[in-house]
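Reading through the structure tokens given below for one structure.
Only the coordinates and a few stated rules stand behind these numbers; no lab work does. None of the values given here were measured: they were computed from a predicted structure. Heads up, the Cβs are rebuilt from the backbone with ideal geometry, glycines too, and the neighbour counts pull from every protein chain shown.
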Amino acid sequence: MKKFLILISLVLILFACDRFEHKFEPEIISENYIIDFFNTFADSIASFPESISGIISFYNDGYNNNGMTKTDVENFYTAFTFVNTPIFLEATLIDTTDDNIEWRLLATELSGATFMDTIFTDVILPTEDSFQFYGNQADMRNVMVELFTGQWCPNCPNVEEALHNLRMQYGSRFSYVEYHFIDALEGDFVADLFNYYPNTGTLPLGIVNGNAHIVYSASSVEEVQTEIETAIIPLLQEPLLILLNDLQTNLTDVSLSGSVQVEIDPSIVRDNLNLVAVLMDDFNDEYLNNHGEPHFNIALKRITVDISTINRSDTVEFEITELNVLPQWYMDNATGLPEDLTLVIWVQTIDEQYNQNTCAVYNVIEVSL
């Protein structure tokens, strides 16, 4: 009975999973590829109980869905073996949207009676040759990298590719934005922001979670990626001290307004605490970098909202205006506001003068518009 109750508890946690949006561009995830992935997963489910290890191989090691880890998922499937009657499992695909997947798990007894019938919502992460279940990564600390780059910069493309690879690897737990400097994609805020952070006057310049700066000089993508990953891994393991929930947005031709609930741990010093919102163009394959490759996550607009005086669990409103005035490339080509937009939001301490010890980013979320 105890093991049965554990099974039911795990189902309730999984059943409560919410959709969490994050985007991987420009890789086009064909629905047929997702269906092929799921059919392979369903075959493994149908082979239960001999296939528990095979089932678990479809889940990423970093899986987290509202607190449910990969180990919890393994315990969930293993618990079926403790039931006094043989259990048969069947998985059916219901729907896919971008990198989200909804599917049904039907568990039946030998007599044909239904033992369990439930629907799961999950996020899938592209792998080298397929996908893995990744979870919505809710209630975990995420990391932000701000990259100052430019089309003219010969060393920047290696960093851009490394950041994109890390985004594919870590999914929604890792965000990055490209601030273009002295080129046609430069936003009107970039020069002041570049001067705020300590720099050598050269590019590329990366700011990792606000409180670490790295000038990337490695000669290969692999070296740069290792350098950045070494910096972010300890940050991913830190406790989550600020929660960002219930993000609402309203986009027009000239403005983006919205609100987000910010829950602040009492241990956080709130002096100069700010909400930062950046509107990004996900992908531009017409204005290329120094290696002739597309740009990702191009910052179009950036605003900050002082939240140092809010209560510890308040809704913060924000507005990004003048969306009809974009970086020069978009204006010259009369493309207007791009269709592939993402809003990335984080909370950061921003002192009047940069302070390496206090200028920390506490959490990050993204939403596709």
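Using a/c under 1.5 as the rounded threshold, could you call the chain rounded, prolate or oblate? The axes a ≥ b ≥ c are square roots of the C-alpha gyration tensor eigenvalues, and prolate needs a/b larger than b/c, oblate otherwise.
It comes out prolate by the Cα gyration axes.
Using only Cα atoms and rounding to the nearest 10 degrees, what angle (0 to 90) does helix 2-15 make with the longest principal axis of the chain?
Once rounded, one gets 40 degrees.
If you average the sequence gap of Cα pairs under 8 Å that are 6 or more apart and divide by the length of the range 143-368, what percent do you get for the contact order?
Normalised by residue count, the contact order of the range 143-368 is 25 percent.
Specify whether the C-alpha gyration tensor of the range 223-336 places it in the rounded, prolate or oblate class, a ≥ b ≥ c being the square roots of the eigenvalues: rounded for a/c under 1.5, otherwise prolate if a/b is larger than b/c and oblate if not.
Taking the square roots of the gyration eigenvalues as a ≥ b ≥ c, the range 223-336 is oblate.
To the nearest 500 deg cm²/dmol, what mean residue ellipticity at 222 nm is calculated for the chain from DSSP H runs of n ≥ 4 alone, each contributing -39,500 (n - 2.57), summed and divided by the residues?
One gets -7000 deg cm²/dmol as the mean residue ellipticity at 222 nm.
Counting other Cβ atoms within 10 Å of each Cβ, which trypsin sites (Lys or Arg not before Pro) in the range 276-321 have at most 15 and sit in a DSSP loop?
Loop-located and lightly packed - 312.
Once both labels are modelled 7 Å past Cα along the beta-carbon direction, what's the residue 255-residue 92 spacing in nm?
Those two pseudo-labels are separated by 4.8 nm.
When only Cα pairs under 8 Å and 6 or more residues apart are kept, what is the percent relative contact order across the range 277-325?
This gives 33 percent for the range 277-325.
Top mean-square fluctuation among 268, 298, 242, Gaussian network model of the chain, C-alpha springs under 10 Å?
Maximum fluctuation in the GNM of the chain, among the listed residues, is at 268.
Which net charge results for the neighbourhood of residue 251, defined as the other residues with beta-carbon distances under 13 angstrom from its beta-carbon, given Lys and Arg at +1 and Asp and Glu at -1?
-3
Which ³J(HN,Hα) values, rounded to whole Hz and listed in residue order, are derived for the range 163-176 from phi using the Karplus coefficients 6.51, -1.76 and 1.60 in 6.51 cos²θ - 1.76 cosθ + 1.60 with θ = phi - 60°, glycine and proline given as x?
Once rounded to whole Hz, the list reads 5, 5, 4, 5, 4, 5, 6, 9, x, 5, 7, 10, 10, 8.
Where does helix 31-46 land angle-wise versus the long Cα axis of the chain, in degrees 0 to 90, nearest 10?
That helix lies at roughly 30 degrees to the long axis.
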